[in-house]
């Protein structure tokens, strides 16, 4: 029997970080006299901190400057850490949902967040110890498909003899598309129009809707059907 491996992006799925991320990047760019607007934020919001700083600077017409990118990245990371230390918003019934899912699936994290950020977010959300393995921004240098492959191999080593079926859980349509190209099952989370939802193997409105029974039905749910 196939055992699902649910690969979660922590940001936007388990924990709502977009406001803190945007404020942190805004602060980091403002130090160089740059203003982050809605259009540019929409283009960089799903990137790692360093990639977001690099892309935003380029879109804002700033000169190529690796040192400036490094400093902006460090400022953004520190501003983000300061903000999450004051509190975070977690998905409704997060811990109970994850504990139920862990009875029928292996839980992993593949996230654009840095590992220290992931650990801090999981601790504040009360979810430490539920995910193995955990891959962060430093593990994505070869791209998401390589990271997903690594998750499966590490999970297989932890649970030898099981036939694993990986699924990524994301609120980003581009990530879902990349997952499908890589041969993974895909679960799109959040409000999505029908023409986008149909691109995923399954769609749920919120993480709380991902119940054990629905995970068991992943292999039989037509693409884009709500679970």
Given (1) within 20 Å of residue 109 (Cβ to Cβ); (2) touching a residue at least 40 places away in the same chain (Cβ under 8 Å), number of the condition residue 163 does not satisfy: (1)
Helices (runs of 4 or more DSSP H) wholly inside segment 41-124 containing at least 2 residues that are in the same structural domain as residue 28 (by TED's automatic domain parsing): 49-59, 66-85
Tell me the residue from 76, 113, 62, 56 that is within 30 Å of residue 214 (Cα to Cα) and surrounded by 17 or more Cβ atoms within 10 Å (Cβ to Cβ), please. 113
Does residue 172 meet the test of being within 17 Å of residue 148 (Cα to Cα) and either more than 16 Å from the chain's Cα centre (by Cα) or in the same structural domain as residue 146 (by TED's automatic domain parsing) (or both)? yes
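The values are calculated or read from the model by the stated rules, or taken from the named source; none is laboratory data. Nothing here was measured: the structure is a model prediction, and the numbers come from that model. A quick note on method: Cβ atoms are made from the backbone with ideal geometry, for glycine too, and the neighbour counts reach across all protein chains shown.
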